[in-house]
Each structure stands twice: as structure tokens, then as C-alpha cells.
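Below you'll find the structure, written out as C-alpha cells, and then a few comments.
The values are calculated or read from the model by the stated rules, or taken from the named source; none is laboratory data. For clarity, every value in this text was computed on a predicted model and none was experimentally measured. Cβ atoms come from the backbone with ideal geometry, glycine included; neighbour counts cover every protein chain shown.
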Amino acid sequence: MIVSWSAMLITVIVVGFVTSALRIWIDRVFFVIMMLSFGHLPIAQAIPLNILVLFLAVVSHGLIRREGWLWGAFARFPSWEGWAALLSGLLGGVLGRYLGFQTPGKVLLLLLGIYAIAMALRLVLVKPADGRAAPEHPGWILPISLGAGVLTGLISAGGKPFAIPLFNKALGHKMPLAYAIATFGTIGAVVGAILTHLFVKGYSSAEVETALAAWAGISLFAWLTDHFWSPKLMKITALIVALVLFLVGVKFSIAAL
């Protein structure tokens, strides 16, 4: 373990609850924030650790736990859209992780701070739209998934929360399809990011142990709290998370400057 057990316990409780309350089964923005704030890890170590936890979440939640939903959604829209999101996300994850190796820690912290503020505003201001039956600009799937993938590889806080409203509002996809396409993009991005990190730097046994402990704890706590989920709880949690993300984003941005 590269963090204390007390820090890991706090992280598991917070991230597990947020995961189930907001129905965010793959993205783990709160994990990298907790590793910085409570685990006291440098950002250059917290980001690849979060990518490894993301990969484990993709395998367990994205491909196993939600398998029926995900492949069902994939069958409902033209297959080229799903593959476009997957492959462009994969390329974005590779580029983002490569850029992450070249980017100073303070710049990464600033980017994470800006991301947290933007995520807070997105939770409060952006609401789902009904969507249209025929999207007007399906070709935008490629650049949106690529950009979201770069963000995932760069700071490990995925672009999926921003890709979904773009697919939904800008391109006109109904929410289930927008969510499905963004999920395929995220899966590709996480795979691309972790393969790049393994090829360039690799993971120590302590990092793997920490990631496995985090993934197991978060998954267990999320499963336990999932039984208490309700739309009202989701709305309340979203407001609290938005406030925390905004304050954390401001803190990180100031610290980076």
C-alpha cells in the first residue's frame, strides 16, 4: 500500500457513496481528489493510480455488471457509432497519457482544478434533453470521444460527464444512447491510457496492491449503498458533490498558481 489504511478507508466510503448515489459506475474523479487530499500522493502518482482503478472498474462494472445493458444499447444504434467512440477514445487515452508524462505537476493540478470547477457547474446547470430521433451531426462522435479520451489519459478524470450532454443536446441522441456512446468512448480511453502507462513506465507492486484495495472497497461500499438509492438522494448528493468539487477546484487552482 502506498497510502495509509485510514486514508484508504475514508476514500472507499466517500467514493463508494458518490459512485452509487450519482450512478457513476466507471468514472472516479473523487478517487484522484481523495488521493491528493487524504493520501497525500503527488499528482504524478495519483493520476496513474486512478487510471488503474478506472481500468478495474471498466472490467467489473462496464463489461460485467452492466453487460446486458451495454451490449443492448450498442445493438440499438448503428454499430459504426459505437466503434467510432471506442477507437477514438482509445487514441485519446494514448495521447492523453503520453502528454501526462510531459506535463509538469503544477500544470496537471491546475487542469484538475479547472476540471473540478467545470464538473461542479455541469452538475448544477446541465439537465438532460429529450433528444431527437435522427441526430444531425453524428460525425462529431469522433472528435468528442477523442477529446474526452485525452482528458481521461491526461488527468484520469474522464471526459464522459461532458461527452454525454454533448451527444444528448448538441447531436440530439436520446439519453440512453448518449450514455452508451460516451461509455464506449470511456472504455477505449481507459484501455489506451493504461496500456500506454504500462509500456512507458509500468506499475509497482505497491501501486497494484493499492489500486486493488481501492477498487474492491469502493465496489463493495457502492453495492451496499446502492440499495438505498432514490432520485431524491441523487439530487441532494449532486448538489453536495457540486459544492465540494467547486471548492476543491478553487483550492487546486490556487495551489497550482
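Computed quantities for the displayed model
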{"quantity": "Flag for A118 being of a type outside the set (D, E, K, R), at pLDDT below 85, assigned to a helix (DSSP H, G or I) and within 24 Å of A57 (Cα to Cα)", "calculated": "no"}
{"quantity": "Identity of the residue in the stretch 155-187, surrounded by fewer than 21 Cβ atoms within 10 Å (Cβ to Cβ) and among the basic types (K, R), that ends up nearest to L109 (Cα to Cα)", "calculated": "K169"}
{"quantity": "Check on L49, out of contact with any Asp or Glu (no Cβ under 7 Å at 6 or more places or on another chain) and part of a helix (DSSP H, G or I)", "calculated": "no"}
{"quantity": "H40, sole failed condition from (1) at pLDDT 90 or above; (2) within 21 Å of L90 (Cα to Cα); (3) outside any helix (DSSP H, G or I)", "calculated": "(2)"}
{"quantity": "Criterion: assigned to a helix (DSSP H, G or I) and modelled with pLDDT under 75 - qualifying residue of F74, F17, F55", "calculated": "F74"}
{"quantity": "Any hit, the stretch 11-19, residues being hydrophobic (A, V, I, L, M, F, W, C) and closer than 17 Å to S204 by Cβ", "calculated": "no"}
{"quantity": "Hits in the stretch 21-37 (condition: modelled with pLDDT under 90, crowded, with 23+ Cβ neighbours inside 10 Å and not in a loop (DSSP other than H, G, I, E, B))", "calculated": "V29, F30"}
